[in-house]
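First the structure, in the form of structure tokens, and then the observations on it.
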Amino acid sequence: MILFFKFILGTIVASFLNLVVMRKLRNESIIFPASHCDTCQTKLAWYELIPIFSYLFLQGHCRYCKATISSAIFISEITLGLTCILYTKQSWLDYLMLGLLFYISIWDLLSYTFPSWVLAPLTLIAVYQTIYSWKMLVIIVFIYFLIQLINLVFHQFGNGDIDLIGILSIMYSFYTVTKIILVACGLALLFIFLNPNHKFKLPFIPFITLGWICINLITK
């Protein structure tokens, strides 16, 4: 029963985070107006707001105008729900970081950007849980700025991707960060393989988040 409630809580949090991001992107209040279809503006009934169930019930389309509902919402609800079930030995800081990573992942999925303010709490968590001395942290920060400088010239990666990897490098060993990146790359390649007609640039932060979740579950 506890696992069931953890799953439900995870889906509700994911649904709320999707709402917040979509409202923020449209410069709308997260409270008003009431939940509605983004296409036809029709107010949604309560049963159309139930995480996972509503997407399946509506078959991924608005009941009124038949506009497509983003599958990213459905996937994020399932993912966070299952992650909450699997989280058994994680601390409250892990849950906080999980929520923040999901938040910026949704931003990246929908807009290829994310709010920079999230970097502050993520960095504080990383510094609090770091395994390194202050001297080593200075070296890591220097390497981070060097990579950002190189990226300004060659534009090979998104700045947000480098920011997040830099934060993880403060918190974990080089070996652990490498594993997170490898898992993220593997999942990204799997996505490309399953979606060969995908013509848009790929947001990488969601895959880094999934890589972090996988390694975090394995090592704790």
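Worth a mention:
- A single entry from Phe142, Phe157 fulfils the requirement of being surrounded by fewer than 16 Cβ atoms within 10 Å (Cβ to Cβ), in contact with a helix residue (DSSP H, G or I) (Cβ under 8 Å, 6 or more places away or on another chain) and either outside any helix (DSSP H, G or I) or at pLDDT below 95 (or both): Phe157.
- Filter result for the condition that a residue is outside any loop (DSSP other than H, G, I, E, B) and within 17 Å of the chain's Cα centre (by Cα), over Leu149, Leu187, Leu137, Leu202: Leu187
- Some residue of segment 6-15 being within 21 Å of Ile213 (Cα to Cα), surrounded by 14 or more Cβ atoms within 10 Å (Cβ to Cβ), in contact (Cβ under 8 Å) with a residue 60 or more places away in the chain and basic (Lys, Arg): yes
- Selection within segment 22-71 - in contact (Cβ under 8 Å) with a residue 40 or more places away in the chain and outside any loop (DSSP other than H, G, I, E, B): Met22, Lys24, Leu25
- Hits in segment 163-175 - residues which are surrounded by fewer than 18 Cβ atoms within 10 Å (Cβ to Cβ) and assigned to a helix (DSSP H, G or I): Phe174, Tyr175
The values are calculated or read from the model by the stated rules, or taken from the named source; none is laboratory data. The structure presented is a predicted model; accordingly, all values stated were derived computationally and were not measured. As a convention, Cβ positions derive from the backbone with ideal geometry for all residues, glycine included, and neighbour counts pool all protein chains shown.
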